[in-house]
1. Is it the case that some residue within segment A:53-67 is within 13 Å of chain B (Cβ to nearest Cβ), touching a residue at least 40 places away in the same chain (Cβ under 8 Å) and more than 20 Å from residue A:18 (Cβ to Cβ)?
2. Mind listing just one residue for me: the one in segment A:72-105 that is at the interface with chain B (Cβ under 10 Å from one of its Cβ atoms) and at positive phi and, of those, surrounded by the fewest Cβ atoms within 10 Å (Cβ to Cβ)?
3. Find all pairs meeting these conditions: Cβ atoms under 9 angstrom apart; at least six residues apart or on different chains; first residue within segment B:86-106 and assigned to a helix (DSSP H, G or I) and among the β-branched types (Val, Ile, Thr); second residue surrounded by 12 or more Cβ atoms within 10 Å (Cβ to Cβ) and at pLDDT below 85.
4. Scan (1) over 16 Å from the mean Cα position of the chain (by Cα); (2) within 18 Å of residue A:21 (Cα to Cα) for the single condition residue A:410 breaks and write down its number.
5. When you scan segment A:64-82, how many residues do you find that are of a type in the set (Val, Ile, Thr) and part of a loop (DSSP other than H, G, I, E, B)?
6. I want to confirm something. Restricting to segment B:226-255 and keeping residues that are within 7 Å of chain A (Cβ to nearest Cβ) and touching a Cys at 6+ places or on another chain (Cβ under 9 Å), which single residue is modelled with the lowest pLDDT?
7. Looking at segment A:208-218, can you tell me whether even one residue there is away from chain B (no Cβ under 12 Å) and of a type outside the set (Ser, Thr, Tyr)?
8. Name, by its number, the condition in (1) touching a residue at least 40 places away in the same chain (Cβ under 8 Å); (2) in contact with a Pro (Cβ under 9 Å, 6 or more places away or on another chain) that does not hold for residue A:116.
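The values are calculated or read from the model by the stated rules, or taken from the named source; none is laboratory data. Not measured: the values here are computed from a predicted model. FYI the Cβ positions are ideal-geometry reconstructions off the backbone, even for glycines, and counts take in every protein chain you see.
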Amino acid sequence: MNFSEVFKQTNQLCRVSPDGKYLATCVQYRLVIRDVNTLQILQLYTCLDQVVHMEWSSDSLFILCAMYKRGLVQVWSLEQPDWHCKIDEGSIGLLSSRWSPDGRHILNTTEFHLRVTVWSLCNKSVSYIKYPKACQKGMDFSTDGRYMALAERRDCKDYISVFVCNDWHLLRHFETETQDLAGVEWSPNGCVLAVWDTCLEYKVLLYSLDGRLLSTYSAYEWSLGIKSIAWSPSSQFLAIGSYDEKVRILNHITWKKIVEFEHPATINNTKAVVYREVEKRLTIASDDLSLQQLSMGSSVFNSQSKYEICQLPVQVPTVQPDTDRANPKVGISSLSFSADNRYLATKNDNMPTCVWVWDMQRVGLQAVLEQASVVRCFVWDPRRPRLAVCTANSKLYLWSPAGCVSVRVPVEGCFQVLSLLWHCSGDSLILIGKDQLCLCYMETEQES
Amino acid sequence: MTMPEPAYETKEICSVTRLLMSPSRQNSVPALPSALLLPKNYSVLSAFCTEQNVNQCTSYINQEMGSLGLCGLSVELCDGGEGLEAVSALNLMYELLQVNRRSQRALEEMENLHLRSTSDLEHLQHGHTRLKDQLEYIRRENSGLHEGERQLQLKIKTLQSCLKSEKEEVQKLQSIISSRATQYNHDAKRKERECTKLKERLNQLLVDKRDKKLVIEVSNTIGRSDGKRGLWKTGKAEARHEGEMYTALLTDYEARQRSLMVENAELKKVLQQMKKDMMSILSPKKPVAKGAVPEDSLEQVDADAEEEEEEEVCESSRESLEQSCEQAREQLTNSIRLQWRRLKNHMERLDSQASLAASQERERDGEELISRRVHEEELQRLRLELQQCRDFVQAQQQLLQQQLSSPCDEETAALLNDCYTLEEKERLKEEWRLFEEQKRNFEKERKSFTDAAIRLGHERKAFEDDRATWMKNQFLNMTPFVDRKRPAKSASTSASSLGAEPEAKVISTPAPLTKSHSYTAFNTPKAPISSRTPSTADLYRTLRLLPDNSCTRGSGKRGSRLDSSSVHSSGEHSTAKSRQRPPDSSLRSHAKDFHSPT
């Protein structure tokens, strides 16, 4: 495992092109394009203001940089450095900007969710989609990029519009049986649209592409409901994480629950392996602790750590959530399937130091990673069943069915890994810190 | 209580005397105070009676006696007037003493009674106070409980009221919540409407204002990613989109169907395999089962029919497997169900067979196919059986022993015993009879033997006499009768031999013990017998006179008779012997009979 040197970045703006050749990073108002392999700067673009959002087009030819405060979007071409495009949303303001899947249109959501403006780079045309709904995930493109589902709100009712992305033709428009729609998500095969209601009500609706309601699922009532949703890459399973600290898996044939994954505070599942991160801090005398920390603050973060396999049953540290406040820190906030559909990783918000890995073949708990600090991010390798975890320290954690490792990032100074990004080949991993980034090259199979 | 009784008695006794006394009493009544006063007046003397008032005293005394109920007695003055009549006075005194003693005893009793009653009273009082205390305590407790109850009731009441109020509160809150919810919903809707209205307005304004800033600056437009040109929005395009959508859906469904088909095919394959296995498991066992259990041939027939049907079904299902239509599936499931049922039945039957007709089956196909397990099982079973038999035999033996040693422990044993005793009794009776007969015989023989002994004694004596006479004769002189004596001697010896002969014969018949006795009797001649029986002596004399011509006839007669008797006896002896044997054998048979039933 090798690490590159550290590069600067701001706002954690760092993206790998979809074809995996380039690495784009933003440093203040500059956009830097690097070759992934050599890390040499290929292009350098200067934007009008500090970039807030940056995105590659699907064909890896263009990059859009959004400056929401100014209501500006700038598009750069990789092939033609001279070419450039600037979109000004004007006084209405800009809330979010994104590429359409074809890479020739930009969809801007204006402030107050007033409308969605679709800009075409082909013919400079502009079209509007009115009444977009302000919600968790109001817009989703199907994986093949052919269709877009958009949640709308009209006359105090929720609607969904399905557009053909090719020419923005409205294919379907239908009302949904939701109180307050929270999100829409296409199945990876693009044939089923999962729609879930607000957290006040546990309700998942499954619509066919042609707008037919396939099924409705509700696990319980009168309690905070769905917190997160994830499709398995094969579209076979729909995992629903909810505030009751459980993940429910629906199947794609009957849309009924197959299994319920609980996240108990005491793990006594004999088939599961619990890895606990044990840190070995350098012993620092108490009197010169502050001095030491001041002089070499990195030493705190450079401490060694390793995993230990715990004897069952294991008591997992939990956090008592403040239930009086909105969005309490309880329930499954994030879940994601591995690329081979085999594993599901989840995180329960009131057990912030733990990542749970479930085996979907055995339909049971596979492993639990109990970290020393709060888990910030976990991402699956896009090719292999390998999970990368970061906990806002200078270490990278990797889990695979074979075991678990903790790797210290060999970087001078303070480098806290806040976010992770896999290269599409799965050979390298981008570690993103507060204003730095570092590439981690995995040992390829030939080498090992 | 006891006081009045003697008073009444005395009253009756002195009913007559009272009449006599009545005048004196009348007289004494006025005198009594004076008499009572007398001691006071004459305190110096302090005497009840003085010489002056003797009369009055006596009358007073009499009166008093009368009042005391001693009417029959009175103190009487002597004729002279001075001095009292001693008898009456003494009687009176005695009576008085008696009365006094009685009253004293009564007093004592009363005192005792009093004491007892006081103690009783005390005890009762004590009890009473105790009970009172208890009552008081209980009352207090009761009141306390009452108080507690009252308090609890009060509490309940307050709690009930609380509950009521809480319920009301809840209801109120619920109504508030619902009203708030409706209010909120209403407000939200209103706000949303306002918001949309505002958005609309904003949109309108934006459109109207023709926001100059809302622009796109592109250095030069770029081609579409697919290289095609943009198309006009037409009905055709719409139709095409629809078509595309449906094709997408269709492909998805097709893919899904394909995967399901594959899955189904795999499952069917598994099913087929399972069925085949099942059939292969079931079919070869059939003949064995048929051979082993001919009883359930009816069932077998049924099963056969079923089997045939099944085979038909499964064949048809196999044919139609490729068709995979609804009917085929139904048939398949049906056949599987049938197979399953059959398997179950078979298993059950096997179970029952294994448990019930295991031995039978084993016997039958023991030669052909004895698996090691079966063999061992059989061996085990036989061993068990052997052990059981052994145990049984031992138990029987033990029982027998018990019966023999302590026969009267059970009713049946007693009964059996009775039988045995009866039998034994009978046998004993028989023996007794035999014994009696023998005894009689013996007695007879003994008599004859004694007779013979007597005879012998006489003979000897006669012989002695004869010898003496002969000696005397010889001694005296050579008489011319020498020739005459010789035959007489020979005759006597022959006679003696003759006499001994029957004796021996008679003796041989009884038991050897009697024989020995007879020998002793024979060896020791009884001297007094000869003197005792002159008649026999006479007889012997006549015997001795055998050589005499006059007696030869009689003796010859006798000898012949004896001979015949001896012959007879010998015959009798043989018969006796033969007669004796059967009872013996019968006894033995009895014994045999006795032993055999057990």
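1. The answer is no; no qualifying residue exists.
2. Only one residue tops the list, namely A:90.
3. Partner pairs satisfying both residue conditions: B:99/B:6; B:99/B:68; B:99/B:69; B:99/B:70.
4. (2)
5. So in segment A:64-82, the residues of a type in the set (Val, Ile, Thr) come out as A:73, A:75.
Applying the additional criterion that residues be part of a loop (DSSP other than H, G, I, E, B) yields none.
Number satisfying all stated conditions: 0.
6. B:230
7. Let us first name the residues in segment A:208-218 that are away from chain B (no Cβ under 12 Å), namely A:213, A:215-218.
In the following step, the residues that additionally are of a type outside the set (Ser, Thr, Tyr) were identified as A:213.
Taking every residue of segment A:208-218 in turn, at least one turns out to be away from chain B (no Cβ under 12 Å) and of a type outside the set (Ser, Thr, Tyr).
8. Answer for residue A:116: the failing condition is (1).
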